[in-house]
Amino acid sequence: MTTSSSEHGVSLGMPELPAPAYPDDVRARLERDAREVIARYPDSRSALLPLLHLVQSEEGHVTRTGMRFCADMLDLTTAEVTAVATFYTMYRRRPSGDYQVGVCTNTLCAVMGGDAIFEELQEHLGVGNGETTDDGKVTLEHIECNAACDFAPVVMVNWEFFDNQTPGSARRLVDDLRAGRAVEPTRGARLCTFKETARILAGFPDERPGAVEASGSAGHASLVGLRLAKGEAAPARVVHPRDGGPHEPQDGAVHKPSPAEHLSSHDAPQDTSASDPAHPAGPVAEEGE
């Protein structure tokens with residue numbers, strides 16, 4: 001019995017036809033934006049990364065048409081553009097959702113419950129890694145590091161932080177995203193769609209009211225070392241412990257979160273492991289122990 005090459009996902013037929021061009025009105029608009037981007041660089045090929053974000057903002061992923069457009073604008077071959085587009089994971093190669101939900105499964109987040117969160121979301125949404133829900137709202141993926149280990153386990157939505165998550169809080173988060181309810185990150189600006197995020201990453205102004213002022217701040221826990229190095233007194237407690245309310249230091253002062261430490265509307269309770277007995281986060285020690 002023989003098996004055809006198509007059954008193995010291998011095509012031995014005619015070469016793939018060239019990518020179609022954008023419609024004239026779309027291309028004219030993208031060309032204006034692309035020329036603005038290219039003018040920022042002394043070497044035009046340096047504009048390739050933001051141009052890939054630009055074409056991603058048009059269709060929600062980097063299509064063959066988008067790569068052909070970038071090649072034309074920068075006088076590159078499509079092979080050169082493809083090599084870059086397939087190297088960086090922020091460029092999507094197939095249709096994706098309005099909200100990219102990335103669950104950190106690197107060491108610390110995994111230990112604190114990231115693996116359990118990712119497993120829960122796969123089952124709850126009925127999708128696998130890199131897949132999108134039927135309504136086109138959410139694309140789920142695991143991420144090696146969200147660069148926010150102080151707040152593990154961390155989930156990101158369109159690159160905005162949702163700290164100290166549990167399987168339950170993450171499930172509520174994706175449900176609200178799919179239902180169109182307001183969702184507020186732990187830190188940074190309010191959410192926008194993935195296409196809008198891609199345009200901002202291409203270097204165009206963020207037009208959401210108050211977004212610029214709200215972005216760019218590190219979380220309180222991430223700045224403790226810097227403040228100590230500057231000679232500032234350490235607070236009584238960086239964050240509320242996970243085993244129930246804030247500990248009281250000997251002087252009786254209790255650290256209360258400042259506005260800069262505000263919690264997301266979708267933060268898990270700070271007693272993360274206790275709130276999800278099925279997925280305990282393990283022992284918790286005070287800083288420095």
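For (1) over 21 Å from Val183 (Cβ atoms); (2) over 18 Å from the mean Cα position of the chain (by Cα); (3) in the same structural domain as Asp176 (by the TED database), each residue gets a yes or a no:
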residue	(1), (2), (3)
Glu31	yes, yes, no
Ala39	yes, yes, no
His53	yes, no, no
Met73	yes, yes, no
Leu76	yes, yes, no
Val111	yes, yes, yes
Phe118	no, no, yes
Val138	no, no, yes
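Each row is one residue, and each column tells you yes or no for (1) part of a loop (DSSP other than H, G, I, E, B); (2) surrounded by 18 or more Cβ atoms within 10 Å (Cβ to Cβ).
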residue	(1), (2)
Ala19	yes, no
Asp25	no, no
Ala34	no, yes
Val37	no, yes
Arg45	no, no
Leu48	no, yes
His53	no, yes
His61	yes, yes
What are the residue pairs meeting all of these: first residue in region 87-109, first residue closer than 17 Å to Glu119 by Cβ and of a type in the set (S, T, N, Q), second residue open to solvent by 30 Å² or more (accessible area, probe 1.4 Å) and not in a loop (DSSP other than H, G, I, E, B), Cβ atoms under 7 Å, and 6 or more apart or on different chains? Thr105/Asp115; Thr105/His142
Filter the helices (runs of 4 or more DSSP H) completely within region 126-224 down to those with at least 3 residues that are hydrophobic (A, V, I, L, M, F, W, C) and either within 26 Å of Ala47 (Cβ to Cβ) or out of contact with any Lys or Arg (no Cβ under 8 Å at 6 or more places or on another chain) (or both). 167-179, 194-201
Considering only residues of region 172-203 that are within 16 Å of the chain's Cα centre (by Cα) and of a type in the set (D, E, K, R), which is surrounded by the most Cβ atoms within 10 Å (Cβ to Cβ)? Arg187
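The values are calculated or read from the model by the stated rules, or taken from the named source; none is laboratory data. All of these numbers come straight from a predicted model, not from anything done at the bench. Every residue, glycine as well, gets a Cβ built from its backbone with ideal geometry; the counts of neighbours run over all protein chains shown. Just the protein is used for accessible areas: all its heavy atoms, side chains included, with ligands, DNA and RNA removed. Shrake-Rupley method; radii C 1.70, N 1.55, O 1.52, S 1.80 Å.
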